[in-house]
There are 2 protein chains.
Amino acid sequence: MDRPLRAAVAPPGTAMGVLRPLDLRAVSITDGFWADRLQVNRERTLAHGAQQLEASGAIGNLRRAATAQGVPVGGYRGGHDDAGVTFPFLDSDVYKWLEAVGWELGRAPDALLRAMADEVIDLIERAQAKDGYLGSYVTLLGLHPFHDLAWGHELYCVGHLAQAAIAWSRSLGDDRLLRVAGRAVARIEAELGEGGRDGVDGHPQIEMALVELYRLTGEMHYLAFAERQIGLRGHGHLGRGRFGAGYWQDLLPVREAPTVSGHAVRQVYLDAGAVDVATETGDRVLLDAVIRRWDEMRARRTHLTGALGSRHAGEAFGDAWELPPDRAYAETCAAIGSVMLAWRLLLATGEERFADAIERALYNAVLPGISPDGTAFFYVNPLLVRAGGTGYAGGEGQGRQAWYACACCPPNLMRTFSSLEGLVATTDDAGIRIHQLAAAVIDADLPVGPVRLRLATAYPTDGRLEVTVQRTPVASWALSVRMPAWCVDAAVSVDGEPLDVGPLDGRLTLERAWTPGARIVVDLAMPARLTVPDPRIDAVRGCVAVERGPLVYCVEQADLPGDVALPDVRLHVATPLALDPTERRLGLPVIFAEGVVRPGPSAGWPYGAGPTDTPSGERPVKLRFVPYLAWANREPGAMRVWVPFA
Amino acid sequence: MDRPLRAAVAPPGTAMGVLRPLDLRAVSITDGFWADRLQVNRERTLAHGAQQLEASGAIGNLRRAATAQGVPVGGYRGGHDDAGVTFPFLDSDVYKWLEAVGWELGRAPDALLRAMADEVIDLIERAQAKDGYLGSYVTLLGLHPFHDLAWGHELYCVGHLAQAAIAWSRSLGDDRLLRVAGRAVARIEAELGEGGRDGVDGHPQIEMALVELYRLTGEMHYLAFAERQIGLRGHGHLGRGRFGAGYWQDLLPVREAPTVSGHAVRQVYLDAGAVDVATETGDRVLLDAVIRRWDEMRARRTHLTGALGSRHAGEAFGDAWELPPDRAYAETCAAIGSVMLAWRLLLATGEERFADAIERALYNAVLPGISPDGTAFFYVNPLLVRAGGTGYAGGEGQGRQAWYACACCPPNLMRTFSSLEGLVATTDDAGIRIHQLAAAVIDADLPVGPVRLRLATAYPTDGRLEVTVQRTPVASWALSVRMPAWCVDAAVSVDGEPLDVGPLDGRLTLERAWTPGARIVVDLAMPARLTVPDPRIDAVRGCVAVERGPLVYCVEQADLPGDVALPDVRLHVATPLALDPTERRLGLPVIFAEGVVRPGPSAGWPYGAGPTDTPSGERPVKLRFVPYLAWANREPGAMRVWVPFA
């Protein structure tokens, strides 16, 4: 390649792995569902983020650190100050926003965004100490650097800085942040690198950044330090903390831990970094350990939406089968982290089940974290909210919030959307692999020559994908399209000729000598369907969910007649589901189901010998299911993904 | 009365209320289930507590404060020091233990307990500052008194001191602690009393203690200060904290809040104090507000076991119907607090439903918090633990712990058992009311003259109660026995003559001129029964529980064949339950049920179109249910109260 690969994750050809990411310039989502989402992110969310970063004090911290000239001046604002809680990691919010802006300016220039970013980059450059230390919390409060690895988030913040730096370097050839990040990492390595003391950050993150710095610069010490961090974790360096050593994955070595544990974001960030290290060092044992954990997590600790986290206390995974819909933690950042992890596993293994996981998480665990207008967020994404429900939004509030005291999620969404085009397709030795269905143009430099594809689709509104080969070499190559795991019936044609694709086992691969204009149509049957949970998931026993294609649906109190309470509703599973021909949400169909209202017994001790009398007042009700990603955009109220069946 | 009433709660005849507590000297549990429990408490648990209070540093804090002579010397130990968390309330653990010892020494002397207590009392006397301030956390660390009302627990600790002082005064006529408590409260009143600044403690507790100090001493200012605390709460004096103002019941005034909210222990302690204030001031609005909250809590926020608390985060009540068996917080202290609250409501209203609640909580939410040998505890009492389950015991441990970093529960159990005899019976204008069934001797001074009753029963092993009138005046009086809410069939006889008692509506009342030797037999039919939950309790949908009499049962993995996993077990509801004639636990029957093993599907994505194939390998299994209060006394393992039915 004649230019550095523009991608968030860019393993070189020498890395262990099956798939190669495409350059972000080579994939362009042109219209449809995702184009709308990316446009909102670019035009609304990034500006909203800049305002909120100023209002929250995150930019102010850097500004004060920049003018402090190394003298502690106090005045660090940590998000929740009024509640006596100070989060030391607000710098990272700024860095994540900067990363998003870096990718975004690479997609197309924007003078205003550029000016805002330049101002912030200038602050960051000046906030860095002469010895390379960067961290406004420690600087402003005059604390000892790296004395609170467990809670201080110092490496975590520098890792996010490095990822922003990588975006600006790869996207714009702008290495200002890269120089800052390089010196900040050098300061950390002097303290904790080979020959320094043994210690890891309480919040894994820097491992991914270090490997990517290595990939960008070729400097081996970054990879060595990442490997050192992975190797040191799980040996008790962090202590028990207030949530136990499992909280920060410090109970068992990363190569040994059989299951995910503790804080969900930390776990998936750690495992994502472990995959990065494993693919660069050829460490199959490490990779297999991550895959083993992923398989167990997928089978027993993942919500239907693809979301992760079952406990608010410790923001943690639960035990196996512990998947409460109401107290699902389902942090937006954990879903984003799961996409980062699955993307790395997809590149490493080529197995489309990881792309399936990305799809499910993006639609049902990442997107629900942001309002359609891109300026209101959820940190926690429950699958069940009761009337007057508490504890899922910020503080004592209900519904989406403009920002959070702990604001990790909003800028994490921004950088995810700004680099999302990179998730659509990859190449392998045989040709092009399409992983996500979106209306897009894809350019790929295959070994046999350059290829251009145009993907036309209204997905996920319907399941039809038309791929037109617009440019192709004469030699044959393989076009591969993921056949989603949710799909049980698909039709495929090439240039109008139906093709017998046999059983769907993850992907359709068509290898041949293509000619320009060739047209492949994949038609995924996408009926609304009922989904039942594994009987061991206690919290949703006796319930069903409605899905269609990749989308999980939900029913909201706002769509019920005024005299019907959601807890009294039961779904008639025998009656077919039907699409509403008249109404859509975010362009997506609304689904009708038949239900029954079965009023609960009157107040009193709620446990007894059981219903001896038939419930009175039972009556039918029409239920309207909306995509879960579109919930909570009216007045706050009850909502259910899992509905008891009659 | 010629001597002060020996009771934890002793409202005078002038207080609003229906029932009068008996003096602790007038009730003696002679043998059977509760006699065993009280003996273990006296002979094992109190000594264990003394050791642990020394080992935890709680007594050491007071010792250092006693020798510090007002100069801050540091060295406060706060339980979780290694985890960077310091609990400021360790003094209260000592006070609760002292309260227990006070009641216990009133039951019978014990030289060793007496010597240990005297040493601690001496430390407390010397740890008090010249101005009356008492609190080792503030003293040792040189903090400003009353500057952190939200988290400092300063009033909370003094409240517990006062309750210990009341026990020693009423039980032993020993007023050493009462003098200390009086000066400590005076110091608080100077700061926060009428004319001082407005503020309440983040943890309600002192309200109960203040009212009882008023009852003991007759000093009105105690009652006024209690009323002031109740009145100030709910007006935002505590701020949002990290869990929101609802956490410490500061969102709405105590007279207005429609439902319980936030930290469960704080709520029930607050409401117990509110009942005390209401009964002394005749504040019907306040009492009704507490009863309204109690009714709603009972109908929608109480676990089958009577336990309270649905969220680990904030140790809090959940939303209505949010009652997860696995993440039930069900803190032992919350159950104890619920007994304290229900006892006060029983005295105030005379309604036996409050005694029903006491019974359920004592057997199924208080007792499960302590091992049969009295030296290992649960802080959290889940109704479902999965294999390898985490998060219900201390730290990353499983099973009962000898002590806790936050050790509120163990000494709370001690004082509960040491004064438990007081809960058995009361008097009213008509006669004697028996609320709890236990083998006991009861003396009561009725207006018509002295009465002695002997209660013989093997309850809760069986449901037969024989009451013998051993002493009675000639004039008629009423003997009332609570007919438990769980009971649907009872036989009653007087001197062998069967009595038609009609429908059971809470209690049996027999008013007549009794003669010595009269014998009343109440036979409560006590078949094992299946209990189903209200359909709105999502977390246990499709499940049943086994109960017998007042006892909730559970099934433990340890009682299943080695090749049967508890999550695969279903209960056959059509097959009758049967008592095991061969085995008992703590003297209580084991119950057999028929079940079926239905192995779950193999690993993979756990959501799908549902069971299209019949599960293979389905086979019958005999299920053994043990009283929930006796669980977790073998190796740690899975346990369920709610079992899915076939």
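Mind listing just one residue for me: the one in region B:312-322 that is closer than 24 Å to B:G395 by Cα and at the interface with another protein chain (Cβ under 7 Å from one of its Cβ atoms) and, of those, surrounded by the fewest Cβ atoms within 10 Å (Cβ to Cβ)? The residue in question is B:A313. Among residues of region A:451-503 being free of Cβ contacts under 8 Å to residues at least 12 places away in the same chain and assigned to a strand (DSSP E or B), the one that is farthest from A:T531 (Cα to Cα) is A:E497. When each of B:L579, B:L588 is tested for being touching a Leu at 6+ places or on another chain (Cβ under 8 Å), at pLDDT 90 or above and on the phi < 0 side of the Ramachandran plot, the lone residue that passes is B:L588.
For region B:584-597, a residue qualifies if it is within 14 Å of B:L623 (Cβ to Cβ) and within 32 Å of the chain's Cα centre (by Cα), and the qualifying residues are B:V590, B:I591, B:F592, B:A593.
How many of the residues making up region A:532-554 are basic (K, R), closer than 18 Å to B:R598 by Cβ and touching a strand residue (DSSP E or B) at 6+ places or on another chain (Cβ under 7 Å)? Let's see the steps before the verdict.
Residues of region A:532-554 basic (K, R): A:536, A:541, A:548.
So of that shortlist, the ones also closer than 18 Å to B:R598 by Cβ come out as A:536, A:541.
Filter again for touching a strand residue (DSSP E or B) at 6+ places or on another chain (Cβ under 7 Å), leaving A:541.
Final tally of qualifying residues: 1.
Just name the residue that is surrounded by the most Cβ atoms within 10 Å (Cβ to Cβ) out of those in region B:291-309 that are within 11 Å of another protein chain (Cβ to nearest Cβ) and of a type in the set (G, A, S). Filtering first and then ranking leaves B:G306.
When the residues of region B:134-174 are filtered to those that are in contact with a Ser or Thr (Cβ under 7 Å, 6 or more places away or on another chain) and closer than 13 Å to B:L98 by Cα, which remaining residue is surrounded by the fewest Cβ atoms within 10 Å (Cβ to Cβ)? Among residues in region B:134-174 that are in contact with a Ser or Thr (Cβ under 7 Å, 6 or more places away or on another chain) and closer than 13 Å to B:L98 by Cα, the one surrounded by the fewest Cβ atoms within 10 Å (Cβ to Cβ) is B:C157.
Among the residues of region A:611-620, are any within 10 Å of chain B (Cβ to nearest Cβ) and without any contact (Cβ under 8 Å) to a residue 60 or more places away in the chain? Yes: one or more hits.
Could you tell me which residue of region B:424-442 is modelled with the lowest pLDDT, considering only residues that are in contact with an Asp or Glu (Cβ under 9 Å, 6 or more places away or on another chain) and closer than 25 Å to B:G13 by Cα?
Applying the filter and picking the extreme gives B:A430.
Yes or no: region A:323-342 includes at least one residue that is within 26 Å of A:R548 (Cβ to Cβ), at the interface with another protein chain (Cβ under 9 Å from one of its Cβ atoms) and not in a loop (DSSP other than H, G, I, E, B). There is no residue in region A:323-342 that is within 26 Å of A:R548 (Cβ to Cβ), at the interface with another protein chain (Cβ under 9 Å from one of its Cβ atoms) and not in a loop (DSSP other than H, G, I, E, B).
In the set (1) within 14 Å of another protein chain (Cβ to nearest Cβ); (2) crowded, with 23+ Cβ neighbours inside 10 Å; (3) touching a residue at least 60 places away in the same chain (Cβ under 8 Å); (4) not in a loop (DSSP other than H, G, I, E, B), A:R353 fails one condition alone, (2).
Residues in region B:496-509 that are surrounded by 12 or more Cβ atoms within 10 Å (Cβ to Cβ) and of a type outside the set (K, R): 6 in all. Within the option set B:V596, B:V552, B:V546, B:V590, being buried (at least 17 other Cβ atoms within 10 Å of the Cβ), without any contact (Cβ under 8 Å) to a residue 60 or more places away in the chain, in a strand (DSSP E or B) and within 14 Å of chain A (Cβ to nearest Cβ) holds for one residue only, B:V596.
Looking at A:V385, A:V424, A:V366, just one residue is touching a His at 6+ places or on another chain (Cβ under 8 Å) and either hydrophobic (A, V, I, L, M, F, W, C) or crowded, with 22+ Cβ neighbours inside 10 Å (or both), and that residue is A:V424.
Residue selection: A:D276 satisfies the criterion of being more than 14 Å from chain B (Cβ to nearest Cβ) and not aromatic (F, W, Y).
Considering only residues that are more than 19 Å from A:R452 (Cβ to Cβ), among the hydrophobic types (A, V, I, L, M, F, W, C) and in contact with a Gly (Cβ under 8 Å, 6 or more places away or on another chain), which ones fall in region A:23-43? Residues satisfying the conditions are A:F33, A:V40. Checking region A:52-65 against the condition returns no match, with no residue being at pLDDT below 95 and assigned to a helix (DSSP H, G or I).
When the residues of region B:523-543 are filtered to those that are within 13 Å of another protein chain (Cβ to nearest Cβ) and closer than 30 Å to B:E466 by Cα, the one that is surrounded by the fewest Cβ atoms within 10 Å (Cβ to Cβ) is B:P527.
Filtering region A:365-386 to residues that are in contact with a helix residue (DSSP H, G or I) (Cβ under 8 Å, 6 or more places away or on another chain), assigned to a loop (DSSP other than H, G, I, E, B) and away from chain B (no Cβ under 11 Å) leaves A:P372, A:D373, A:G374, A:T375, A:F378, A:Y379, A:N381. For B:G562, indicate whether it is closer than 30 Å to A:L551 by Cβ, outside any helix (DSSP H, G or I) and not hydroxyl-bearing (S, T, Y). The answer is no for B:G562.
Exactly one residue out of B:A26, B:A66 is under 24 Å from the mean Cα position of the chain (by Cα), of a type in the set (A, V, I, L, M, F, W, C) and within 25 Å of B:E104 (Cβ to Cβ): that is B:A26. Being closer than 26 Å to B:Q436 by Cβ and more than 9 Å from chain A (Cβ to nearest Cβ) is a condition met by at least one residue of region B:387-400.
A residue that is of a type outside the set (G, A, S), touching a Lys or Arg at 6+ places or on another chain (Cβ under 7 Å) and part of a helix (DSSP H, G or I) cannot be found anywhere in region B:424-431.
Quick check: is even one residue across region B:5-18 within 30 Å of B:L210 (Cβ to Cβ), touching a residue at least 12 places away in the same chain (Cβ under 8 Å), touching a strand residue (DSSP E or B) at 6+ places or on another chain (Cβ under 7 Å) and β-branched (V, I, T)? The answer is yes; a qualifying residue exists. Filtered by the rule that a residue be away from chain B (no Cβ under 14 Å), part of a loop (DSSP other than H, G, I, E, B) and of a type in the set (A, V, I, L, M), region A:565-587 gives a lone residue, A:L586. B:R512 fulfils the conditions (1) modelled with pLDDT of 95 or more; (2) surrounded by 15 or more Cβ atoms within 10 Å (Cβ to Cβ); (3) within 25 Å of B:G350 (Cα to Cα) except for a single criterion, (2). Any chance you could count how many residues in region A:83-135 are small (G, A, S) and within 14 Å of chain B (Cβ to nearest Cβ)? The qualifying residues number 2. Of the residues making up region A:504-537, those that are assigned to a loop (DSSP other than H, G, I, E, B) and in contact with a Gly (Cβ under 7 Å, 6 or more places away or on another chain) are A:A525, A:M526, A:D534, A:P535, A:R536.
The values are calculated or read from the model by the stated rules, or taken from the named source; none is laboratory data. In this text, all values refer to a predicted model and were calculated from it rather than measured experimentally. All Cβ positions, glycine included, derive from the backbone under ideal geometry; neighbour counts span all protein chains shown.
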